[in-house]
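Step one of this worksheet: look at the structure below.
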Amino acid sequence: MFHLGWFVGSGFSVQSWNDTWSGVGRKEWMKADLYIDMARSLERAGFDYMMFEDGLLVPDTYQGSMEHYLGKAMETPRNDPTALIGILGRETKHIGLIPTMSTSFYPPFMAARMIATLDHLCDGRAGANLVTSSNHGAAMNFGLDQHYEHDLRYDMAGEWIELVSQLLASWEPDAVVFDDEKGVFADYRKVHQIHFEGKYYKSRGPLNTPPGPQGKPVICQAGGSGAGRKFAAANADTIVCVPLGLEAMKDYRDDISRQMVEAGRDPKDCKVMYLVNPVVADTERAAREIYDARRAARQSDDFLHQAFATMSYFSGIDFSQFDPDEPMPDLTGKVNGHQSSMARYAKDGEGKTLRELALGQDVVESIELVGTPEQVAEKMGEAMEYVGGDGFLLANSIDRRSVATIADGLVPALRRRGLVRSEYEFEHFKDNLLAF
Ligand SMILES: Cc1cc2nc3c(=O)[nH]c(=O)nc-3n(C[C@H](O)[C@H](O)[C@H](O)COP(=O)(O)O)c2cc1C
């Protein structure tokens, strides 16, 4: 069996507002209703988790302007996903819920408190996707003139999670005694100041929130660079990644397993999930038509701007300064944003012009999955068997119809093959995630 997660890739934001199947998207984009329906559907399908992307800025990297980002609702706006998780926890019973949090800008004490609070509200089903925030604009929103350098951010993140973990452990599990006779709520001898003093952070503690049912909620991580993987191997319960093709997927899992052993961990304790966008329909031909139409719709000047805007956002480098009909310039050592994405662009771009590279960026996924539910289910099973991976992170566009094709079309086919769970075994998210 393997695991399933869904990556809400544009965060708590505008999902769909001007497409055929957008429904009331323009009226409800800032509300919880779509996500409640979605979470219930995915829970019916036995998904391990929903993970919400997040960012802390209105970007202006491309052309030095906010035009393309605001005009197309790209990487912005973003409502705070932690607030949404609280609501989703109430409306569901089994699915894990992961908001993104920035280790660079969320003060550790506030983060530990939020994580513990969410875990209480979700009855032990909260997680946190830890990112270091790659974009310079986010740093400026928090008062920095210059963002922290890439590897320094991961160094800080390592200390950040150590402090957060200590704060979450600052109450012993049986500190709340509810002693009716003595009229004592909590035993003060079981709640500890931590006096943490690191290179970047300092905190006395204890946390003023008792830990939630999971103690330390599920930690998710996505950094693909050397520093990112090291951080993930040391700390993550689940890693989300986009290595391209079966060999790269296998290498990624093998590398994480090796680094986990080096960090003193059992590789089984972290689930590596690969990003995919399955296109399923009644017939293979219909699925292929949907796939081709999606690709054709994106071969336009408008989409070229969007692709360059995304590449600029990820890298922190304004791609409008380059000639689109020339190859991608060598940007080695110049990127303070996503190093792994830039490495992917460089590899993808070999022998191509920038225009060709950008127009090929319509869907980034580990393997292509197009066909009937049975065909796609079979391919997913074969891929996991070959790779030795733990599951898939679906990143399909989000509207109610799209979610139904997966939850009520693809997943039953996966279940018929015994590839995914048919019910949740445990009460808490982490236990279900690590169950197989
Ligand atoms: C599936 C996936 C989800 C991600 N979600 C976020 C996110 O919500 N917010 C964010 O700032 N970065 C996000 N990232 C970016 C990563 O945190 C990281 O910055 C990026 O993968 C580059 O990492 P690297 O610099 O270690 O190569 C995501 C990456 C992937 C692959």
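The values are calculated or read from the model by the stated rules, or taken from the named source; none is laboratory data. Remember, predicted model here, so these are calculated numbers, not experimental data. In this analysis, Cβ positions are derived from the backbone assuming ideal geometry, glycine residues included, and neighbour counts consider all displayed protein chains. These area figures cover heavy atoms from the full protein model, side chains too; ligands, DNA and RNA do not enter into them. Shrake-Rupley method; radii C 1.70, N 1.55, O 1.52, S 1.80 Å.
With K and R counted +1 and D and E -1, the other residues having a Cβ less than 12 Å from that of ASP174 yield a net charge of -1. In this rough spin-label picture, where each label sits 7 Å from Cα along the Cβ direction, the LEU70-ALA263 distance is 4.0 nm. Only helices enter this figure: runs of n ≥ 4 DSSP H residues, each worth -39500 (n - 2.57), summed and divided by the residues of the chain, yield -12000 deg cm²/dmol at 222 nm to the nearest 500. Here is the size of the chain from its Cα atoms: Rg then Dmax, 21.8, 79 Å. Each peptide in 188-196, 204-212 was scored by the mean count of other Cβ atoms within 10 Å over its residues; highest first, the order is 204-212, 188-196.
Amide H to amide H distances under 5 Å link THR372 with ALA281, GLU284, where only residues 5 or more positions off or on other chains count and H is placed in the peptide plane. In percent, rounded to a whole number, the relative contact order of the chain is 22, using alpha-carbon pairs under 8 Å and six or more apart. Computed from phi, the 3J(HN,Hα) profile of region 420-427 under the Karplus parametrisation 6.51, -1.76, 1.60 (θ = phi - 60°) reads 10, 5, 9, 7, 7, 7, 10, 7 Hz, with x in place of Gly and Pro.
Calculated FRET efficiency, ALA343 to GLN146, Cβ-Cβ distance, R0 = 22 Å: about 0.45 to the nearest 0.05.
Between region 150-197 and region 68-136, the alpha-carbon centres lie 20 Å apart. Note that region 126-181 presents 47 Å² accessible area per residue, ligands and nucleic acids not counted, probe 1.4 Å. With 0.36 nm allotted per residue and the present C-alpha distance subtracted, the GLU159-LYS334 stretch has 60.4 nm of extension available.
For region 303-410, the gyration tensor built on C-alpha atoms gives a prolate shape. Its axis ratio a/c (a ≥ b ≥ c) is at least 1.5, and a/b is the larger of a/b and b/c.
Averaged per residue, region 313-436 has 46 square angstrom of accessible surface, using a 1.4 angstrom probe with ligands and nucleic acids left out. In the chain, the portion of solvent-accessible area held by carbon and sulfur atoms comes to 50 percent [1.4 Å probe, whole percent, DNA, RNA and ligands not counted]. For ASN129, the residues whose modelled amide H falls within less than 5 Å of its own, excluding neighbours fewer than 5 places apart on the same chain, are THR100, MET101, CYS220.
Relative contact order of region 299-359: what whole-number percent is it, with Cα pairs under 8 angstrom and at least 6 residues apart?
Values: 57 pairs, mean separation 24.3, N = 61.
For region 299-359, the relative contact order is 40 percent.
A simple packing score, the average count of other Cβ atoms within 10 Å per residue, orders the peptides 215-227, 78-90 as 215-227, 78-90, with the highest score first.
Scanning residues 5 or more positions from HIS147 or on other chains, none has an amide H under 5 Å from its amide H, with H placed 1.01 Å from N in the peptide plane. When you count the other C-beta atoms within 10 angstrom of each residue and take the mean per peptide, 242-248, 377-383, 178-184, 123-129 line up highest first as 123-129, 377-383, 242-248, 178-184. The relative contact order of region 62-187 comes to 21 percent, based on Cα pairs under 8 Å that sit 6 or more residues apart. Other residues within the sphere of radius under 10 Å centred on the Cβ of PHE436, judged by their own Cβ, net out at +1 (K and R +1, D and E -1).
Around VAL58, with a cut-off of 15 angstrom between Cβ atoms, what is the net charge of the other residues, counting Lys and Arg +1 and Asp and Glu -1? Taking every other residue near VAL58 into account, the sum is -3.
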